[in-house]
1. Scan region 54-61 and give yes if some residue there is surrounded by 10 or more Cβ atoms within 10 Å (Cβ to Cβ), without any contact (Cβ under 8 Å) to a residue 24 or more places away in the chain and of a type in the set (D, E), otherwise no.
2. From I19, I38, which residue is touching a strand residue (DSSP E or B) at 6+ places or on another chain (Cβ under 7 Å), modelled with pLDDT of 80 or more and not in a helix (DSSP H, G or I)?
Amino acid sequence: MAAWMATEFWAEFKERLAITLTPALDGTLEVYIAGEKILDRKGEDGEYPEMRRIRDIRKYIRESIKDS
């Protein structure tokens, strides 16, 4: 899931977004934008995000990049 999300975000934002994947043993999935945690799989019922949530994250990234 993390690799797929990273690929999706990179495909849209390319050089405007730095993406780092760090393997973890416990299934951790966190997404940070400019140091702000915007997704924490452990904090969201332990489930991977649904497509709606991923679209929200993509929209948030788009707005953050536009404002910078």
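1. Initial filter on region 54-61 (surrounded by 10 or more Cβ atoms within 10 Å (Cβ to Cβ)): 54-61.
Retained after the next criterion (residues that are without any contact (Cβ under 8 Å) to a residue 24 or more places away in the chain): 55-56, 59.
The next check asks that each one be of a type in the set (D, E); those that pass are 56.
Taking every residue of region 54-61 in turn, at least one turns out to be surrounded by 10 or more Cβ atoms within 10 Å (Cβ to Cβ), without any contact (Cβ under 8 Å) to a residue 24 or more places away in the chain and of a type in the set (D, E).
2. Step by step, each of I19, I38 is checked, and only I38 is touching a strand residue (DSSP E or B) at 6+ places or on another chain (Cβ under 7 Å), modelled with pLDDT of 80 or more and not in a helix (DSSP H, G or I).
The values are calculated or read from the model by the stated rules, or taken from the named source; none is laboratory data. Being a predicted model, the structure only gives us computed values, none of them experimental. Heads up, the Cβs are rebuilt from the backbone with ideal geometry, glycines too, and the neighbour counts pull from every protein chain shown.
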